[in-house]
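Attaching a single structure in structure tokens format; questions to follow.
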Amino acid sequence: MVQFAIKRLQAIQAGRRPDRYKQMLFADAGNFARGCAFTLVACIATAIQTDMPSVWAIFAALSLVTTVRVSAIYYGARRADDDRESVAIAKRFYEVTGVIHVLLIGVWPMVIFAADQTYVAAELFSFATALCFMTGLVGRNYASRKLVVLQLSAAGVPMSLGLAWQMDAWHLLFAALFVMFCMTLLRIADGMRGMMEETVAVAEQNFHLAHIDGLTGLPNKGQMVRILDTAIHHGEAIALHFVDLDRFKRLNDTYGHAFGDRVLAIAARRMEEVSEDETVVSRFSGDEFVILQHLNGEPRQEATRFANLLITALANPLSIDGISVTSKCSVGTALFPGDARTTAELLQRADLALYKSKSAGRGRHSRFDAEMESVEIERMRIESNLRRALDANELTFVFQPIVNPQYGRISTCEALLRWDDPVHGAISPAVFLPIAEESGLMPAITDYTIDMACAAVATWPPNKRVAVNISPSQLNRDDIVDVILRSAARHSVAPSQLEVEITENIFLDRDPEIFRRLDILHATGIRLSLDDFGTGYSNLEYITRLPLDKVKIDRRFIREALENNRERALLRGILGLVESIGLGVVVEGVERTDQLEFLTAELPSAEIQGFIYGPPLRPEMIRDLLLAGRPPVQSESNTAAASALQTLC
């Protein structure tokens, strides 16, 4: 796929990127022509001085070869095509004519040295010119050692013979020095070639890094964007698929980055295996891949079929060093020209489709539709307003009592975050908290929640606790323990007055660091409770291993227990199991008297949380209720219950 992508891009750009060898072959044609012209002037000068027919013949041959070579070089430098055949022919022609050219230049001083009459000026002029030309050819042709050796030999052998022809000590010494000079030129050429090869290797490595992902060997983000630009410019029908590996971070954190890298490489190979010839797979960043699919049939059907192939291919388990894992994927797709007009639009809309797939439960495929854009605009509006609300301290809290009906006492109050936007009114935590997680606002919200909860419980009787929900992402923070303990100390709150509620999602990550932080919190005296038990992972092994104090049973069980015998039996089993392992039980969502009676009969020690004791109360109302020390009032009417709780004193 990489080769196809690069070839496709280069083919479209043909005519603007001549072959690199040809650029070297025909480089600096002007200087070459000037050097040849000077050589011809020197040759005709010696021919005039010596008036030797052989020198005139050499001049004529040099003129012909020079004309052919200079013309060929100028012509070759201007040719647009860069196919291999034309380059091979040009290379062979350059080598053959180059050797002939240098051979004539080497024979030229040899003929003058071998003459019956001594022509000192002609000897010096011809020999010096030949030396200059030999030096120049080394600088020009150092990239090809074979050509340099051939040309140095073609010129050096006849020149050495010409010197030796004189048969005197000085000329023989000069011939020996000349041979050493030729060998030095060859070493210089070798050194220049080595430097060039290092430079080219670095340049090719940089080119590779700029276009290819080092881990997977796939085109990287920059290369894919260039390919997309080209495809869109030429109006090709394409589908762009954004592919994200589900829960890849968990694999990375659990088994290490080296393991994660191998998962990415295997995933990339599987995506290539199910891709057709005209499909380009690229790695954008992290565990996100972008795939360009060229469409030949009905766009929606083709795109959906291929997306399902991707999901199926990545759903198969993979084994690395004896560890079997599954890394499923979510896919978001946008079509061109149907869904976008530009590369930026196509990328953005495929990303929106991916977001919908992940929000819908992962391991799914979604195709872009216009509604997604309005949803994203609304999400961005909420994010922007949430940032402003944090800065303006617009987030508030209410507290819902957790009651022990056996004694009619409130033991704990859960802090619940509320946001009443000045323009759009009350916004549910179920809406804005996921956006806070995605936008990086959750740490600030968590710190604010902990601080406000500590400030509230500081005004309550010392035997009352406040419960705060902390998400798995925040438990993953290195500083979360310090944040909680510093806030408690700042408000002079004992750790035993705090309760941290966690969800079953932490079991999915299986991060030992999270478990270690929970152990530290519990060791300080902070109580831990498992919220919404029965709605997620519900791994009893982890429940027994964690330092939990209580389990909160999700409202679904009590809602259905009185209407469904199987649900009733299941709830009885859960209540008995949790109590048998020494954990406290809180049943959420109790709203009716018959539900309360059922629970008090089945498990009298269970605590109750729900509208049976009224809705959540503002901080000052819950403070007054707790300071009054009177038991809460039971009522099936939320309004009546709220009124009763407010009037307790």
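The values are calculated or read from the model by the stated rules, or taken from the named source; none is laboratory data. It should be emphasised that the depicted structure is a prediction, and the values quoted were computed from it without experimental measurement. All Cβ positions, glycine included, derive from the backbone under ideal geometry; neighbour counts span all protein chains shown.
Could you tell me which residue of the range 303-358 is farthest from GLY256 (Cα to Cα), considering only residues that are in a loop (DSSP other than H, G, I, E, B) and among the charged types (D, E, K, R)?
Across the range 303-358, the extreme among qualifying residues is ARG341.
What about GLY525, is it under 23 Å from ILE410 (Cα atoms), surrounded by fewer than 14 Cβ atoms within 10 Å (Cβ to Cβ) and in contact with a Ser or Thr (Cβ under 7 Å, 6 or more places away or on another chain)?
Details: under 23 Å from ILE410 (Cα atoms): yes; surrounded by fewer than 14 Cβ atoms within 10 Å (Cβ to Cβ): yes; in contact with a Ser or Thr (Cβ under 7 Å, 6 or more places away or on another chain): yes.
So GLY525 passes the test.
Which of the residues that make up the range 104-125 are closer than 20 Å to PHE174 by Cα, in contact (Cβ under 8 Å) with a residue 40 or more places away in the chain and in a helix (DSSP H, G or I)?
The answer is ILE105, GLY106, VAL107, TRP108, PRO109, MET110, VAL111, ILE112, PHE113, ALA121, ALA122, PHE125.
Something else about it: Which of the following residues is of a type in the set (Gly, Ala, Ser) and free of Cβ contacts under 8 Å to residues at least 24 places away in the same chain: ALA444, ALA426?
Criteria check complete, one pass: ALA426.
Now for a different question. Looking at VAL398, VAL403, VAL423 in this structure, which one is hydrophobic (A, V, I, L, M, F, W, C), surrounded by 15 or more Cβ atoms within 10 Å (Cβ to Cβ) and out of contact with any Leu (no Cβ under 9 Å at 6 or more places or on another chain)?
The unique qualifying residue is VAL403.
Just give me the residues in the range 433-447 being touching a helix residue (DSSP H, G or I) at 6+ places or on another chain (Cβ under 7 Å), assigned to a helix (DSSP H, G or I) and either at pLDDT 90 or above or within 15 Å of LEU498 (Cα to Cα) (or both), in sequence order. Don't jump to the end; show me each part of the working.
Kept after step one, since they are touching a helix residue (DSSP H, G or I) at 6+ places or on another chain (Cβ under 7 Å), are these residues of the range 433-447: 435-437, 439, 441-447.
Then drop every residue that is not assigned to a helix (DSSP H, G or I), which leaves 435-437, 439, 442-447.
ALA436, MET442, PRO443, ALA444, ILE445, THR446, ASP447 - these are the residues of the range 433-447 that are touching a helix residue (DSSP H, G or I) at 6+ places or on another chain (Cβ under 7 Å), assigned to a helix (DSSP H, G or I) and either at pLDDT 90 or above or within 15 Å of LEU498 (Cα to Cα) (or both).
Condition check ((1) farther than 18 Å from SER529 by Cβ; (2) in contact with a Pro (Cβ under 6 Å, 6 or more places away or on another chain); (3) not small (Gly, Ala, Ser)) across all residues:
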position	(1), (2), (3)
PRO443	yes, no, yes
MET452	yes, no, yes
ALA455	yes, no, no
PRO461	yes, no, yes
LYS464	no, no, yes
ASN469	no, no, yes
SER473	yes, no, no
ASP482	yes, no, yes
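All but one of (1) in the same structural domain as HIS234 (by TED's automatic domain parsing); (2) free of Cβ contacts under 8 Å to residues at least 24 places away in the same chain hold for ASP391; state the number of the condition that does not hold.
If we test ASP391 against (1) in the same structural domain as HIS234 (by TED's automatic domain parsing); (2) free of Cβ contacts under 8 Å to residues at least 24 places away in the same chain, just (1) comes out false.
Which residues, taken from the range 341-363, are touching a Phe, Trp or Tyr at 6+ places or on another chain (Cβ under 8 Å) and without any contact (Cβ under 8 Å) to a residue 40 or more places away in the chain?
Across the range 341-363, the qualifying residues are ARG349, LEU352.
List the pairs whose first member sits in the range 273-285 and is over 14 Å from ILE238 (Cα atoms) and touching a residue at least 60 places away in the same chain (Cβ under 8 Å), whose second member is in a strand (DSSP E or B) and of a type outside the set (A, V, I, L, M, F, W, C), and whose Cβ atoms are under 7 Å apart, counting only residues at least 6 apart or on separate chains?
SER282/PRO219
Taking strands (runs of 3 or more DSSP E) that fall entirely within the range 545-612, which contain at least 2 residues that are out of contact with any Phe, Trp or Tyr (no Cβ under 8 Å at 6 or more places or on another chain) and of a type outside the set (A, V, I, L, M, F, W, C)? If you could, list the steps in order and put the result at the bottom.
Working: elements: 550-553, 584-588, 607-609.
The qualifying strands (runs of 3 or more DSSP E) are 584-588, 607-609.
Only one of (1) closer than 30 Å to VAL481 by Cβ; (2) under 48 Å from the mean Cα position of the chain (by Cα) fails for LEU571. Which number is that?
The single condition LEU571 does not satisfy is (1).
How about the range 161-192: which of its residues are closer than 19 Å to THR118 by Cα and assigned to a helix (DSSP H, G or I)? I'd like the intermediate steps shown before the answer.
Narrowing the range 161-192 to residues closer than 19 Å to THR118 by Cα: 161-175.
Scanning the range 161-192 gives LEU161, GLY162, LEU163, ALA164, ALA169, TRP170, HIS171, LEU172, LEU173, PHE174, ALA175.
So is ALA467 touching a Ser or Thr at 6+ places or on another chain (Cβ under 6 Å), outside any helix (DSSP H, G or I), closer than 16 Å to PHE397 by Cβ and of a type in the set (A, V, I, L, M) or not?
So ALA467 passes the test.
So if I check each of SER384, SER411, which one is more than 30 Å from PRO495 (Cα to Cα) and either in a helix (DSSP H, G or I) or not assigned by TED's automatic domain parsing to the domain that holds ALA307 (or both)?
Only one candidate passes the filter, namely SER384.
Then there is this: Working carefully through the options ALA265, ALA239, ALA313, find the one that is out of contact with any helix residue (DSSP H, G or I) (no Cβ under 6 Å at 6 or more places or on another chain) and modelled with pLDDT of 90 or more.
The conditions single out ALA265.
Next question. Answer with yes or no whether LYS358 is out of contact with any helix residue (DSSP H, G or I) (no Cβ under 9 Å at 6 or more places or on another chain) and of a type in the set (D, E, K, R). Please lay out each step first, then the result.
Numbers: out of contact with any helix residue (DSSP H, G or I) (no Cβ under 9 Å at 6 or more places or on another chain): yes; of a type in the set (D, E, K, R): yes.
Yes: the conditions hold for LYS358.
Do you know which residues across the range 556-573 are buried (at least 19 other Cβ atoms within 10 Å of the Cβ) and either modelled with pLDDT of 80 or more or of a type in the set (Lys, Arg) (or both)?
Within the range 556-573, PHE557, ILE558, LEU571 meet the criteria.
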